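Readers should treat all values here as calculations from the given coordinates under stated rules, not as data from a laboratory. Note that this is a predicted model, so its numbers are computed, not measured. Reconstructed Cβ throughout: ideal geometry from the backbone, glycine too, with neighbour counts over all protein chains shown.
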Amino acid sequence: MLSIAIIGTGNVAEHLFNAFLQPQKVRVVQVVGRNKGRFTKFSSEATTDDFTQIGDADIYIIAVADDAIAEIAQFLSQKNGLVVHTSGSTNMNTIQNENRGVFYPLQTFTEGKPVNFDSIPICIEAQHDSSLKLLHNLASLISKKVHEIDSQKRKKLHLAAVFANNFTNHLYGIGEAICQEIGVSFDLLRPLILETAEKVQTLSPRDAQTGPARRGDAKSMENHLNLLKNKKQIELYTLLSEAIKSTYEEKL
């Protein structure tokens with residue numbers, strides 16, 4: 001049975017811990033983190049906030065903020081197990097251990113919101129072929145979508161994810177704020193958001209694009225800009241509309 005130590009107690013650590021509770025071929029032997037108040041999220045009896053007391057494991061999964069990965073990895077410098085991080089944008093070589101790798105689940109994780117790991121892509125990378133095989137076996141225990149992707153491609157993939165998820169969610173927030181201004185529920189937009197997400201499951205986003213900028217409807221865009229009072233929202237609307245127009249200008 002594979003033994004795993006999870007270093008970190010945030011959202012990614014918690015979701016990975018819960019995912020690894022199910023497979024019978026893996027056991028989380030320890031959870032290590034600075035925030036002792038988060039230990040209640042983990043049913044493991046072996047929890048500690050002392051990084052000098054990290055025990056032995058086959059795989060050490062560092063699930064902490066990107067800028068803390070190198071510091072945490074130093075506590076594992078004498079360990080024989082495979083040391084990996086879960087970051088989308090951090091190079092594998094940030095970990096100095098000879099036996100190192102990456103175990104990056106491409107998903108957004110929110111506290112209290114369960115996810116189905118079965119359909120989550122897990123991107124893996126390792127310094128050695130034997131370690132890559134080990135990570136593939138581990139990832140396959142919780143996901144049907146395991147991909148071998150090197151650090152440079154993973155960084156670009158993470159960038160794509162920021163555009164597709166983080167920036168899009170910020171725009172949802174602007175939509176919600178506008179709804180609040182006029183006293184209507186954001187629920188009115190949820191079916192539209194769902195339909196947009198469902199369309200790109202079968203269509204290219206380029207083919208699925210609709211709206212005033214896609215149509216070249218200058219009058220509608222001018223009316224929208226006149227309704228906006230927030231400077232940042234005006235800048236965003238103008239910038240995004242121009243980007244969409246330039247993408248489709250040959251067809252207009």
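Estimated from helices alone, the mean residue ellipticity of the chain at 222 nm is -11500 deg cm²/dmol (sum of -39500 (n - 2.57) over DSSP H runs with n ≥ 4, per residue).
Among K145/K245; K25/K153; K36/K133; K133/K199; K153/K219, which pairs are too far apart, with a Cα-Cα distance over 32 Å?
K145/K245; K36/K133; K133/K199; K153/K219
Pairs of alpha-carbon atoms within less than 8 angstrom and 6+ residues apart define the contacts here; what relative contact order does the range 2-149 have, in percent? Kindly include the intermediate steps, with their values, before the conclusion.
Values: 298 pairs, mean separation 28.3, N = 148.
Reported relative contact order: 19 percent.
In the chain, Cα pairs under 8 Å separated by at least six residues give a relative contact order of 12 percent.
Just add up the charged neighbours of D66: K/R +1, D/E -1, any other residue whose Cβ is under 15 Å from the Cβ of D66.
Details: positive: R154, K155; negative: D67, E71.
Within the 15 Å Cβ shell, the charges total 0.
Highest average first, the peptides 146-152, 107-113 ordered by how many other beta carbon atoms sit within 10 Å of their residues are 146-152, 107-113.
Does the range 2-149 classify as rounded, prolate or oblate by the C-alpha gyration tensor (a ≥ b ≥ c root eigenvalues; a/c under 1.5 gives rounded; else a/b over b/c gives prolate, otherwise oblate)? Rounded.
Summary value for the range 154-248: 18 percent relative contact order, contacts being C-alpha pairs under 8 angstrom separated by 6+ residues. Spatial offset of the range 186-252 relative to the range 26-42 amounts to 43 Å, using the alpha carbon center of each. A straight Cα-to-Cα reach below 13 Å connects K113 with the aspartates and glutamates E14, residues fewer than 8 places away in its own chain not being considered. Rounded to 0.05, the FRET efficiency of the I174 and T48 pair, given R0 = 35 Å and the Cβ-Cβ distance, is 0.25.
Reducing the range 70-126 and the range 50-68 to their Cα centroids gives an inter-centroid distance of 10 Å.
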